[in-house]
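Taking it in order: structure first as structure tokens, then the write-up.
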Amino acid sequence: MMIQRKILIMLFIVISVSVISYGFITYLFTYDRFLKDNLYIAEAAMEKAMLTVDEEIAEVDNIAKVFVTTDETISLLSNDDTVTDKHRDFAYLRGMAEGFALLKPNVEQILIANPEKSHYSFGYNNYIPADYDIRLEPWFSSFWNGDELVKTLPPGKNPHSFNYPLMSVIRKIRPLYYSTNIGIIRINFKIDGLYRVIESSIPSESYIYLADGEGNYLYSTLGELKDKNAGELSFSGEGEGEKVSVGGGSYYVIRRESEQSGLRAYLFIPEKYLTRHLPYIFRNMAASALICILLSIGLSMLLSYPFIRSIRNLAEGMNQIERGSLDYRVTVRSNDEIGYLTERFNSMADNLRHLIRVNGEIKTKALREELRVLQGQVTPHFLFNTLESIRMKALANQRDQVSYIIEELGELLRFNLRNRMDFVTLEKELYYIEKFINIYNSRLHRKIFLSLPGKGVTERILIPKFIIQPLIENAVKHGLELKEASRHIMVEIREESDFLWLSVEDDGCGISEPVVEELNRGFRENHQNYGDHIGLMNVNSRIKLLYGEECGLSLSSMEGVGTTVLIKFKSRPVFPYHDN
């Protein structure tokens with residue numbers, strides 16, 4: 001499960017990072033594309049609005065052209081006509097003005113003026129002050145003396161009592177084939193019609209701001225910009241699609257200027273309007289990405305199953321080999337790298353089984369030899385002391401004691417030489433321990449008393465041969481030989497779970513604490529030699545060889561009180577040693 005989980009997590013991370021990165025890049029590209037496309041649409045709308053404004057002004061100029069090219073206009077402004085003719089011409093022109101008023105309701109007034117003589121007014125608002133002189137208009141002198149035939153005047157205040165602004169188209173009046181001006185026609189029209197034209201052309205949820213050619217405020221649908229001149233705005237007004245902040249809102253601004261009228265129009269488009277469709281697209285992209293990730297993971301699980309199964313089989317084979325099933329083999333299911341690893345594993349298992357068998361044979365032989373050497377190290381040491389005792393007895397002419405010691409020693413030697421088994425019952429071991437103590441007692445002037453476990457326990461417990469003798473010898477040599485009285489050795493056995501605890505306790509002189517610590521460290525580190533305590537070290541080594549490193553000897557002692565040596569071993573040896 002671990003390798004499958006890791007592969008799926010890896011695939012999930014790779015796929016997720018790829019999809020999220022692609023989605024993020026796509027989102028940024030889409031955002032930029034949406035912004036540019038919507039700004040392009042808004043710019044096109046502004047172009048259309050300004051074109052419509054110019055067309056409106058051109059239509060007003062067309063009306064002016066009709067009046068300029070009419071004979072009645074020329075006749076009305078000339079000095080040759082009679083009063084009757086002038087009334088007839090005026091009536092004719094008034095009828096034309098009324099007709100145009102029906103076609104263009106936003107036309108407020110048509111003014112025909114002879115600068116040096118008279119003024120004539122037609123239309124819905126045809127009022128002219130009695131003292132009105134067109135020559136006093138600020139634009140008159142430059143226009144009358146200039147080369148322009150037609151001009152659009154910027155929006156201005158209504159000269160009458162009405163509170164809506166007006167724009168004007170002015171045109172020079174010249175007779176046909178003449179270059180001399182005889183008059184001027186001025187057509188005033190309401191600008192609110194242009195406002196409606198512009199508002200109908202711009203995108204919904206957008207705002208318009210209008211100023212005249214000099215930047216004076218005319219009109220705005222955005223409350224924060226009302227009554228502000230263009231120069232007071234916080235943006236340059238030169239860049240297309242410039243992002244600005246107005247009243248806490250974020251807007252993109254598009255600027256256009258009418259070629260006919262000089263009107264400046266600023267279109268304010270909310271940023272959220274330009275990107276209004278992005279949340280829907282983002283949700284769809286997120287849903288698509290999630291579906292892609294789930295499908296990819298599902299497909300990855302399906303495609304990776306044979307690979308995972310091969311790895312699981314290989315892992316199971318390793319577990320079986322680890323448990324000791326050396327005959328277990330993994331079936332090769334593919335020709336890829338996993339199949340190659342499986343073949344190598346099966347070959348390794350065959351070689352491992354062979355090597356373990358060979359190594360076991362070698363180790364068995366080596367351990368047999370090592371145990372024999374350790375066991376043999378105990379007997380010569382004891383023999384030397386015993387033979388020395390016999391020699392002393394012989395010199396003292398104690399023939400009965402010599403005979404007794406030789407008889408007891410003979411039984412010990414027969415036990416060691418004839419009994420080829422490395423394990424004996426505790427009962428038999430203790431029997432020969434009694435012989436051992438008897439030999440010691442025959443050598444010493446003060447008797448050693450031996451206390452042994454009952455036969456009911458000792459008959460069924462197997463222990464290594466000659467494992468207790470070195471402990472008894474050590475207790476006599478280092479604890480009891482120097483003591484005058486009360487010399488006892490007590491051997492006890494205790495069973496606990498899978499372990500056996502055998503203790504040899506004496507009431508001798510005891511051992512100092514530094515020596516006890518040094519000996520216990522030697523037992524733990526399995527030293528082979530340690531001064532006069534070679535017997536104890538050999539026993540410890542034999543125990544560890546037969547039962548494992550967790551078993552062995554430990555020692556406790558108190559000076560003047562006595563010493564206890566404790567052997568910990570298992571009910572069965574870990575190394576199945578059998579002598580042939």
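The values are calculated or read from the model by the stated rules, or taken from the named source; none is laboratory data. Computed from a prediction, not measured in an experiment: that's the story for all the values here. Quick reminder, even Gly has a Cβ in these numbers, built from the backbone with ideal geometry, and neighbours come from all protein chains shown. These accessible areas exclude ligands, DNA and RNA; they are computed on the full protein's heavy atoms, side chains included. Shrake-Rupley method; radii C 1.70, N 1.55, O 1.52, S 1.80 Å.
Count, please, the residues in the stretch 76-86 that happen to be surrounded by fewer than 16 Cβ atoms within 10 Å (Cβ to Cβ) and in a helix (DSSP H, G or I). Of the residues in the stretch 76-86, 3 are surrounded by fewer than 16 Cβ atoms within 10 Å (Cβ to Cβ) and in a helix (DSSP H, G or I). Against the numbered list (1) at pLDDT below 75; (2) of a type in the set (A, V, I, L, M, F, W, C); (3) within 29 Å of residue 12 (Cα to Cα), residue 326 comes up short only at (3).
Looking at the stretch 316-333, which of the residues that are assigned to a helix (DSSP H, G or I) and touching a residue at least 12 places away in the same chain (Cβ under 8 Å) is least open to solvent (accessible area, probe 1.4 Å)? Only one residue fits best here, namely 317.
Answer with yes or no whether residue 89 is acidic (Asp, Glu), free of Cβ contacts under 8 Å to residues at least 40 places away in the same chain and either in a strand (DSSP E or B) or surrounded by fewer than 20 Cβ atoms within 10 Å (Cβ to Cβ) (or both). Against the criterion (acidic (Asp, Glu), free of Cβ contacts under 8 Å to residues at least 40 places away in the same chain and either in a strand (DSSP E or B) or surrounded by fewer than 20 Cβ atoms within 10 Å (Cβ to Cβ) (or both)), residue 89 does not qualify. In the stretch 146-154 there is at least one residue that is without any contact (Cβ under 8 Å) to a residue 12 or more places away in the chain and open to solvent by less than 80 Å² (accessible area, probe 1.4 Å).
When 250, 220, 206, 234 are checked against the criterion of being modelled with pLDDT under 75 and touching a strand residue (DSSP E or B) at 6+ places or on another chain (Cβ under 7 Å), 234 stands alone in meeting it. Residues of the stretch 1-45 that are under 23 Å from residue 272 (Cβ atoms) and either open to solvent by 60 Å² or more (accessible area, probe 1.4 Å) or outside any helix (DSSP H, G or I) (or both): 24, 25, 27, 28, 29, 31, 32, 33, 36, 37, 40, 41.
Quick one: which of 191, 185, 173 is in contact with a Pro (Cβ under 6 Å, 6 or more places away or on another chain) and either surrounded by 15 or more Cβ atoms within 10 Å (Cβ to Cβ) or closer than 30 Å to residue 46 by Cα (or both)?
On inspection, the qualifying residue turns out to be 191.
Selection of the stretch 543-566 for residues being in a helix (DSSP H, G or I) and either closer than 15 Å to residue 500 by Cα or open to solvent by less than 10 Å² (accessible area, probe 1.4 Å) (or both) yields 543, 544, 546, 547.
Could you list, in sequence order, the residues of the stretch 436-458 that are over 19 Å from residue 568 (Cα atoms), in contact (Cβ under 8 Å) with a residue 24 or more places away in the chain and of a type outside the set (A, V, I, L, M)? Within the stretch 436-458, 436, 438, 440, 442, 443, 446, 447, 449, 451, 455 meet the criteria. For the stretch 209-225, a residue qualifies if it is more than 53 Å from the chain's Cα centre (by Cα), farther than 15 Å from residue 153 by Cα and either exposed (fewer than 15 other Cβ atoms within 10 Å of the Cβ) or without any contact (Cβ under 8 Å) to a residue 24 or more places away in the chain (or both), and exactly one does: 217.
The selection criterion, being among the β-branched types (Val, Ile, Thr), open to solvent by 30 Å² or more (accessible area, probe 1.4 Å) and either at pLDDT 80 or above or more than 30 Å from residue 94 (Cβ to Cβ) (or both), does not hold for residue 70. Screening the stretch 92-125 for residues that are in a helix (DSSP H, G or I) and small (Gly, Ala, Ser) and picking the one that is modelled with the lowest pLDDT gives 101. Here the stretch 477-527 is the region considered, the condition is being assigned to a helix (DSSP H, G or I) and under 16 Å from residue 440 (Cα atoms), and the residue that is most open to solvent (accessible area, probe 1.4 Å) is 477.
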